[in-house]
Structure formats: C-alpha cells, structure tokens
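In what follows, a single structure is set out as structure tokens and then discussed.
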Amino acid sequence: MNALITGTSGFIGRALADAMSCRHKVVCLSRKPAEAGGATTVVGDFSVADELTKLDPYDADVVIHLAAVTGGCSEEDGLRVNVCGTHHLLRYWIDRGCRKFVLASSIAATGFQSVKFRPLQLPMPDEHPCLDRDGYGVSKYLMEEVARYLCLQNDALDILNLRLASILPDDGVPTPREPGPVTPWALGSISLMYLSDAVRCFALAAEAPPKPGVRIMNAVGAQACVAGTVPELLRAWYGDDADKIDLSHYQQPSHERDPVFDITRIREELGFVPQRSLLG
C-alpha cells in the first residue's frame with residue numbers, strides 16, 4: 001500500500017511513519033524535515049495549495065492526515081489550516097484518484113474546552129454535537145463537515161475522522177484527576193491515550209477494508225484518568241448541573257471509571273482496543 005502521512009515532524013506522525021514503513025511504502029509531508037525509517041520525506045505546507053504539487057511524483061492509496069494547528073490556536077489559524085487547508089489536501093488527492101482518508105480530528109470537537117461546557121450525553125457518542133466556544137474545536141468539527149461534503153460529491157470516498165484523545169508518550173505517567181473546581185479542558189484532562197495505542201489505532205484505520213462514506217469515531221483510552229469515580233468527579237465539577245446528566249452507565253459494577261467518550265464503535269468496526277492502562 002502507498003500511504004501519505006502528514007504531520008510527521010510531530011511525535012505521533014513520526015512514530016506512525018516508522019511503524020507503517022515496515023509494511024508499506026510511506027511518503028511523509030511536514031513543514032520541517034522529519035526522518036522516518038524507510039519513508040520518503042517531503043517538506044511542504046499542506047495548507048498552501050501550490051505546495052501540494054511537491055507530491056505530484058508520488059501515489060497514495062490512503063492519506064493519513066495528522067498535521068494541524070492544535071488547541072490554543074487562534075480562531076483564524078484554526079479555520080485557515082484545519083478547515084481550508086484540509087480541504088486543499090483532500091481535493092488534491094481526490095482529484096488524483098485517492099479514495100481512502102484517515103483524518104485526525106479531536107475530542108475537542110465537542111467543545112469541552114470551556115468551563116461552561118456540559119455534555120449532552122454520557123458516555124459522549126462519536127457524533128456528539130459541537131458546542132465549542134474557543135475556535136479550535138469548531139475548526140475540527142468543520143473539518144469533519146468538509147469530509148461529509150466531499151463524500152456527498154463522490155460516494156466512492158472512504159473518510160474516517162478519528163476524534164483523538166490527548167496523547168501521552170509511552171514513558172509518561174498520568175496523574176489521575178481528583179475532585180475539585182472545574183477547569184478549562186476538564187474532560188480532556190481525563191481522556192488520554194498512550195502513543196503506542198494511537199499509532200496502532202491509525203494503522204488499523206488505514207489498513208481496514210474500504211467502506212464508502214464518512215464516519216466519526218472517538219479514540220481515547222479504555223479508562224477515564226480519575227482518582228475516584230467518574231460520577232464523583234463530575235458532581236464536583238458541575239454541581240447541580242450534574243443532576244441533569246444521566247450518569248447511570250458509571251453506576252454499573254466495574255464501569256465506574258469508563259471513559260467519558262464512547263469507544264464502542266471503534267472497537268466494533270476497527271477492532272481497536274487500547275492496550276495500555278491509564279490507571280496502572
């Protein structure tokens with residue numbers, strides 16, 4: 001398989017390129033030179049349409065798009081890079097005949113960055129509505145909508161948006177969250193995943209048999225990174241608002257620390273189950 005991976009100067013992209021180049025012909029696109037064993041590196045900015053011509057000599061059976069501006073970006077940069085830039089990239093490869101795409105979306109597409117955020121349902125489904133207030137989350141949501149728009153134009157496209165957790169290096173040791181005041185990005189602080197699991201997740205998505213259409217899947221660790229239970233933490237964060245949220249899932253035996261993002265679909269469709277525990 002010929003695979004194009006963007007964002008390989010980042011630690012997820014570099015690790016994914018290393019892993020996939022053992023089995024496939026991999027071309028990497030990044031704004032900075034990035035070495036990946038066995039992969040071809042192209043230096044370029046995917047958000048600048050003219051720079052995509054640097055990819056003309058290469059073919060791609062699948063495009064894995066990791067490059068982005070991340071949380072804390074300005075609203076302008078989020079829309080320019082994550083939305084318009086992704087449109088440039090997808091349009092370029094669609095016009096060249098590629099039909100399979102795996103896009104790194106984010107659990108931030110729900111909008112949990114604000115202390116005013118309240119989930120509409122728990123665990124949050126893969127397509128929980130975007131309630132973003134800061135610009136980054138809505139840029140990822142609109143990227144997903146660009147994918148949906150392009151799939152309406154071409155029903156042969158297979159585009160998978162992975163709403164990715166915060167990623168820890170494999171030697172990282174997370175600190176389980178204790179009850180206390182709600183903070184910005186609160187739900188993100190308990191929704192983590194190790195790098196090796198993220199790499200395996202993207203590889204499974206890229207290597208899965210084609211399935212035309214656009215899909216969104218949550219990709220987070222198998223446990224919420226909490227010191228106590230999820231209901232205890234959410235009641236401390238949300239006060240009376242927690243009574244408006246159905247927490248019954250977490251009151252079942254052995255489910256007290258389940259993730260706040262539903263990962264049923266990614267397990268059933270891709271066979272992905274996180275192997276690294278966040279709780280030791």
Qualifying positions in region 143-170 - among the aliphatic types (A, V, I, L, M) and closer than 30 Å to L278 by Cβ: M143, A147, I159, L160, L162, L164, A165, I167, L168
Pairs, please: C-beta under 8 Å, at least 6 apart or cross-chain, first residue at positive phi and in region 206-234, second in a loop (DSSP other than H, G, I, E, B)? G213/D155; G213/L157
Test S9 against the stated conditions and say whether it is touching a Pro at 6+ places or on another chain (Cβ under 9 Å) and closer than 23 Å to S166 by Cα. yes
Among the residues in region 85-106, are any assigned to a helix (DSSP H, G or I) and of a type in the set (D, E, K, R)? yes
Exactly one of A104, A49, A109, A68 is within 30 Å of K244 (Cβ to Cβ) and of a type outside the set (V, I, T), and that residue is A109
Out of curiosity, is T41 touching a residue at least 12 places away in the same chain (Cβ under 8 Å), hydroxyl-bearing (S, T, Y) and not in a loop (DSSP other than H, G, I, E, B)? yes
Regarding region 44-62, can at least one residue be identified that is at pLDDT below 95, out of contact with any Leu (no Cβ under 7 Å at 6 or more places or on another chain), surrounded by fewer than 22 Cβ atoms within 10 Å (Cβ to Cβ) and of a type outside the set (D, E)? yes
For region 24-38, name all the residues that are under 22 Å from the mean Cα position of the chain (by Cα) and either at positive phi or in a strand (DSSP E or B) (or both). V26, V27, C28, L29, S30
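Conditions (1) assigned to a loop (DSSP other than H, G, I, E, B); (2) within 26 Å of L168 (Cα to Cα); (3) without any contact (Cβ under 8 Å) to a residue 60 or more places away in the chain, marked per residue:
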| residue | (1), (2), (3) |
| --- | --- |
| T8 | yes, yes, yes |
| C22 | yes, yes, yes |
| T53 | no, no, yes |
| A67 | yes, yes, no |
| D77 | no, yes, yes |
| V81 | no, yes, yes |
Do you know which of the residues in region 219-245 that are more than 12 Å from G180 (Cα to Cα) and acidic (D, E) is surrounded by the fewest Cβ atoms within 10 Å (Cβ to Cβ)? D240
Quick one: in region 2-29, of everything that is hydroxyl-bearing (S, T, Y) and touching a Leu at 6+ places or on another chain (Cβ under 9 Å), which residue is surrounded by the most Cβ atoms within 10 Å (Cβ to Cβ)? T8
From A49, A17, which residue is without any contact (Cβ under 8 Å) to a residue 60 or more places away in the chain and in contact with a Cys (Cβ under 7 Å, 6 or more places away or on another chain)? A17
Residue list for region 241-261, restricted to those being free of Cβ contacts under 8 Å to residues at least 12 places away in the same chain and closer than 22 Å to Q113 by Cβ: A242
Hey, can you tell me all the residues within region 114-154 that are closer than 18 Å to M193 by Cα and in a loop (DSSP other than H, G, I, E, B)? P123, P125, D126
Which numbered condition L279 misses (of (1) modelled with pLDDT of 95 or more; (2) surrounded by fewer than 14 Cβ atoms within 10 Å (Cβ to Cβ); (3) farther than 24 Å from S114 by Cβ): (1)
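The values are calculated or read from the model by the stated rules, or taken from the named source; none is laboratory data. The shown structure was predicted, so the numbers you read here are calculated from the model rather than taken from an experiment. Counting neighbours? That spans all protein chains shown, and the Cβs are built from the backbone with ideal geometry, glycine included.
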